[in-house]
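Heads up: the structure comes next, in structure tokens.
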Amino acid sequence: MIKKILIANRSEIALRIIRACKELGIKTVAVHSEADTDSLHVRFADEAICIGPAQSSESYLNTLRILAAAEVSGADAIHPGYGFLAENPEFADMCNSSNMKFIGPSANVIRKMGNKSEAKALIKKAGVPVVPGSEGILKSIEEGKELVEGIGFPVILKAVSGGGGRGMRVVNSMEEFEMNYQMAQAEAQGAFGDPDLYLEKYIKNPRHIEIQLMADQHGNVVYLGERECSIQRRHQKLIEESPSVVVSDELRQKMGQIAVQGAKQVGYEGAGTIEFLLDEDGSFYFMEMNTRIQVEHPVTEMVYNRDLLKDQIRVAAGEKLGYTQEDVKLVGHAIECRINAEDWERNFMPNPGEIKSFHVPGGPGIRVDTHAYERYHIPPFYDSLIAKLIAYGKNRDESIARLNRALEEFIIEGVKTTIPFHQRLIKRAEFIEGNFDTGFLDRINLLE
Ligand code: MV4
């Protein structure tokens with residue numbers, strides 16, 4: 001039984017967790033920094049505790065203060081949301097040894113999935129296809145060069161502790177191998193304090209397709225289809241949709257069953273996502289496993305008519321999933337636009353400040369997840385996501401039509417946002433035809 005959850009996060013996801021808790025009859029404790037006193041998650045939670053200054057390291061990343069807040073408020077579980085401490089195995093360990101249920105998989109699973117080459121090796125054992133490359137970390141430049149003899153160029157060097165695109169280098173020839181190796185190592189050391197690299201064949205212009213999983217503590221695991229996340233800029237997703245135009249029922253079942261196998265192999269529990277690279281020829285390869293609820297979970301909720309946050313909390317409390325793969329039915333289409341407080345015409349520069357006017361779209365098929373409101377001050381200390389606009393329709397055309405009109409209805413004044421960017425993007429022929437991959441945004445220019 002979970003009676004009271006401390007939410008170790010902020011912004012729209014903190015609100016989303018509070019909403020799920022309210023529907024489940026679970027009490028909520030918000031924690032917040034000094035910069036978030038006027039945040040909606042603070043208002044809507046049953047209790048709120050200020051845990052420190054604006055800087056994340058002093059507040060939302062401060063494990064001891066968060067655990068102290070959990071203790072004094074009498075919480076019995078901690079929901080980490082996404083980002084911040086969501087994939088920190090030490091924090092998950094600390095929670096569990098303080099008798100606070102960490103809402104997510106075990107610390108050991110988080111740790112294994114955080115080591116990208118170990119995750120790959122583990123998942124490969126479960127029969128999940130992986131990109132050809134080094135078995136584990138590269139021990140030297142020479143070992144890397146030898147491997148490439150067999151694989152062929154281009155290859156990609158990735159940081160073992162990386163993820164989300166940092167510490168990666170594509171190598172096109174033997175001449176550039178050494179320099180790229182050293183640069184990737186230096187970047188990995190700087191960003192993660194771990195210089196270790198592994199190597200893979202480089203897949204050109206893949207799609208990013210991810211499978212949503214939900215697993216209970218009793219061995220039941222289901223997949224809830226895929227999300228198409230190829231529309232990204234510098235590894236920041238901007239648009240996500242479900243289903244993907246290029247995933248047939250047959251491919252969905254294949255990817256889904258393989259993802260479930262992988263999750264079972266590692267003893268997964270809770271909500272999780274397996275990311276795949278989908279090649280032009282239809283082959284797919286494991287990329288990473290995310291051991292958290294993701295930003296883009298609403299598109300899956302819409303088309304599978306499930307509340308992933310409630311499911312995640314219920315299974316964390318030890319409840320059975322209560323449904324099987326046969327009950328998971330895809331109906332319709334959903335697309336999400338991330339509305340960021342950014343000046344998209346100036347390299348997506350963050351644009352914090354006061355929201356002077358705020359009008360949220362509505363009507364059939366529209367969902368908006370946001371913590372913003374009129375006169376809300378967007379603090380400069382955190383990421384720039386201010387709203388997620390999700391359009392549901394009976395098919396992709398209807399979803400796009402609703403998205404179009406909802407973007408027109410959405411009024412945000414006082415700060416620059418990515419709304420005009422989305423308006424232009426979803427009118428492009430390539431988007432409408434579903435003809436895009438992870439390189440798409442870099443190839444086009446929406447400014448002209
Ligand atoms: C790749 C790849 C091509 N081949 N691996 C980027 C994020 C990190 N998680 C893995 N990434 C990639 N790995 C191989 N073997 C291309 C990317 C990649 C990418 C992947 C998903 C979404 C957007 C991307 C943008 C550039 C590169």
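Considering GLU345, GLU326, which residue is more than 30 Å from ILE2 (Cβ to Cβ), assigned by TED's automatic domain parsing to the domain that holds ARG396, assigned to a helix (DSSP H, G or I) and of a type outside the set (Lys, Arg)? First the steps, then the outcome.
Details: GLU326 fails: more than 30 Å from ILE2 (Cβ to Cβ).
Exactly one of GLU345, GLU326 is more than 30 Å from ILE2 (Cβ to Cβ), assigned by TED's automatic domain parsing to the domain that holds ARG396, assigned to a helix (DSSP H, G or I) and of a type outside the set (Lys, Arg), namely GLU345.
Just one of (1) within 13 Å of the ligand (Cβ to nearest atom); (2) in contact with a helix residue (DSSP H, G or I) (Cβ under 6 Å, 6 or more places away or on another chain); (3) over 18 Å from LEU277 (Cβ atoms) trips up GLY114, so point out which.
(2)
Going through ILE426, ILE432, ILE412 one at a time, which residue ends up being in the same structural domain as ILE378 (by TED's automatic domain parsing) and open to solvent by less than 10 Å² (accessible area, probe 1.4 Å)?
Values: ILE432 fails: open to solvent by less than 10 Å² (accessible area, probe 1.4 Å); ILE412 fails: open to solvent by less than 10 Å² (accessible area, probe 1.4 Å).
Going through ILE426, ILE432, ILE412 in turn, just one is in the same structural domain as ILE378 (by TED's automatic domain parsing) and open to solvent by less than 10 Å² (accessible area, probe 1.4 Å): ILE426.
Applying the selection to the stretch 97-108, what residues are of a type outside the set (Phe, Trp, Tyr) and out of contact with any Phe, Trp or Tyr (no Cβ under 6 Å at 6 or more places or on another chain)? Spell out the reasoning first.
Pass one, the stretch 97-108, residues of a type outside the set (Phe, Trp, Tyr): 97-101, 103-108.
Listed by number, the residues that qualify are SER97, SER98, ASN99, MET100, LYS101, ILE103, GLY104, SER106, ALA107, ASN108.
Collect the residues in the stretch 407-436 that are in contact with a Leu (Cβ under 8 Å, 6 or more places away or on another chain) and either small (Gly, Ala, Ser) or not in a loop (DSSP other than H, G, I, E, B) (or both), keeping them in residue-number order.
LEU407, ILE419, PHE421, HIS422, GLN423, ARG424, LEU425, PHE431
When LYS145 is evaluated against the numbered criteria (1) at pLDDT 95 or above; (2) charged (D, E, K, R); (3) within 10 Å of the ligand (Cβ to nearest atom), which criterion, by number, is the only one it fails?
So the condition that LYS145 fails would be (3).
Is it fair to say ILE444 is surrounded by 13 or more Cβ atoms within 10 Å (Cβ to Cβ), within 16 Å of the ligand (Cβ to nearest atom) and among the aliphatic types (A, V, I, L, M)? Talk me through it step by step, then tell me what you get.
Details: surrounded by 13 or more Cβ atoms within 10 Å (Cβ to Cβ): yes; within 16 Å of the ligand (Cβ to nearest atom): yes; among the aliphatic types (A, V, I, L, M): yes.
Judged against the criteria, ILE444 is a match.
Out of THR417, THR438, I need the residue that is within 25 Å of the chain's Cα centre (by Cα) and away from the ligand (no atom under 16 Å from the Cβ). Which one?
Working: THR438 fails: away from the ligand (no atom under 16 Å from the Cβ).
Result: THR417 is the single residue among THR417, THR438 that is within 25 Å of the chain's Cα centre (by Cα) and away from the ligand (no atom under 16 Å from the Cβ).
Mind checking which strands (runs of 3 or more DSSP E) fall wholly inside the stretch 180-292 and carry at least 3 residues that are away from the ligand (no atom under 16 Å from the Cβ) and buried (at least 19 other Cβ atoms within 10 Å of the Cβ)? Please lay out each step first, then the result.
Working: elements: 197-201, 207-215, 221-233, 236-242, 270-278, 284-290.
Output list reads 207-215, 221-233.
Consider ARG367 carefully, then state whether it is among the basic types (Lys, Arg), within 16 Å of the ligand (Cβ to nearest atom) and either in contact with a Pro (Cβ under 9 Å, 6 or more places away or on another chain) or in contact (Cβ under 8 Å) with a residue 12 or more places away in the chain (or both). Spell out how you get there, then give the answer.
On the way: among the basic types (Lys, Arg): yes; within 16 Å of the ligand (Cβ to nearest atom): no; either in contact with a Pro (Cβ under 9 Å, 6 or more places away or on another chain) or in contact (Cβ under 8 Å) with a residue 12 or more places away in the chain (or both): yes.
Criteria not met by ARG367.
Are there any pairs with C-beta distances below 9 angstrom linking a residue in the stretch 408-420 that is touching a residue at least 40 places away in the same chain (Cβ under 8 Å) to a residue that is of a type in the set (D, E, K, R) and surrounded by 21 or more Cβ atoms within 10 Å (Cβ to Cβ), with the two at least 6 apart or on different chains, and if so which?
Sorted first by the residue in the stretch 408-420, then by its partner, the pairs are VAL415/GLU342; LYS416/GLU342; THR417/GLU342; THR418/ARG338; THR418/GLU342.
Only residues that are open to solvent by less than 30 Å² (accessible area, probe 1.4 Å) and either more than 21 Å from ILE203 (Cβ to Cβ) or of a type in the set (Asp, Glu) (or both): list them for the stretch 118-156, please.
Selection gives ILE141 alone.
If I ask for residues that are open to solvent by 40 Å² or more (accessible area, probe 1.4 Å) and in contact (Cβ under 8 Å) with a residue 24 or more places away in the chain, which ones from the stretch 97-117 would you list? Write out each step before concluding.
Narrowing the stretch 97-117 to residues open to solvent by 40 Å² or more (accessible area, probe 1.4 Å): 97, 99, 101, 106, 108, 111-112, 115.
Across the stretch 97-117, the qualifying residues are LYS101, SER106, LYS112, ASN115.
Output the qualifying pairs, or none if there are none: Cβ atoms under 8 angstrom, residues six or more apart or on different chains, first residue in the stretch 165-179 and open to solvent by 50 Å² or more (accessible area, probe 1.4 Å), second residue within 11 Å of the ligand (Cβ to nearest atom) and not in a strand (DSSP E or B).
Matching pairs, first to second residue: ARG166/HIS235; MET168/GLY162; VAL170/PRO154; VAL170/TYR202; ASN172/PRO154.
Please pick out the residue among LEU61, LEU67 that is open to solvent by 10 Å² or more (accessible area, probe 1.4 Å), under 22 Å from the mean Cα position of the chain (by Cα) and closer than 23 Å to ASN96 by Cβ. Explain how you work it out, then say what you get.
On the way: LEU67 fails: under 22 Å from the mean Cα position of the chain (by Cα).
LEU61 is the lone residue from the list that is open to solvent by 10 Å² or more (accessible area, probe 1.4 Å), under 22 Å from the mean Cα position of the chain (by Cα) and closer than 23 Å to ASN96 by Cβ.
Looking at this structure, is GLU336 part of a loop (DSSP other than H, G, I, E, B), closer than 27 Å to GLY162 by Cα and of a type in the set (D, E, K, R)? Talk me through it step by step, then tell me what you get.
Numbers: part of a loop (DSSP other than H, G, I, E, B): no; closer than 27 Å to GLY162 by Cα: yes; of a type in the set (D, E, K, R): yes.
Judged against the criteria, GLU336 is not a match.
All but one of (1) under 30 Å from ALA387 (Cβ atoms); (2) surrounded by fewer than 22 Cβ atoms within 10 Å (Cβ to Cβ) hold for ILE313, so report the exception by its number.
For ILE313, the exception is condition (2).
Which of the residues belonging to the stretch 79-94 are in contact with a Lys or Arg (Cβ under 9 Å, 6 or more places away or on another chain) and assigned to a loop (DSSP other than H, G, I, E, B)?
Correct list: PRO80, GLY81, TYR82, GLY83, PHE84, ALA86, GLU87.
Residue check: is ILE400 part of a helix (DSSP H, G or I) and surrounded by 13 or more Cβ atoms within 10 Å (Cβ to Cβ)? Give the steps one after another, and end with the answer.
On the way: part of a helix (DSSP H, G or I): yes; surrounded by 13 or more Cβ atoms within 10 Å (Cβ to Cβ): yes.
The answer is yes for ILE400.
Got at least one residue in the stretch 28-42 being in a strand (DSSP E or B), in contact with a Leu (Cβ under 7 Å, 6 or more places away or on another chain), crowded, with 18+ Cβ neighbours inside 10 Å and free of Cβ contacts under 8 Å to residues at least 40 places away in the same chain? Outline the logic, then answer.
Here is the first cut: in the stretch 28-42, the residues in a strand (DSSP E or B) are 28-33.
Subset that is in contact with a Leu (Cβ under 7 Å, 6 or more places away or on another chain): 29, 31.
Narrowing the set further to residues that are crowded, with 18+ Cβ neighbours inside 10 Å leaves 29, 31.
If we keep only those that are free of Cβ contacts under 8 Å to residues at least 40 places away in the same chain as well, we get 31.
Checking the stretch 28-42: at least one residue is in a strand (DSSP E or B), in contact with a Leu (Cβ under 7 Å, 6 or more places away or on another chain), crowded, with 18+ Cβ neighbours inside 10 Å and free of Cβ contacts under 8 Å to residues at least 40 places away in the same chain.
The values are calculated or read from the model by the stated rules, or taken from the named source; none is laboratory data. Remember, it's a predicted structure, so these values are computed and weren't measured experimentally. Please note: Cβ atoms are built from the backbone with ideal geometry, for glycine as well, and neighbour counts cover all protein chains shown. Ligands, DNA and RNA are excluded from the accessible area calculation, which covers all protein heavy atoms including side chains. Shrake-Rupley method; radii C 1.70, N 1.55, O 1.52, S 1.80 Å.
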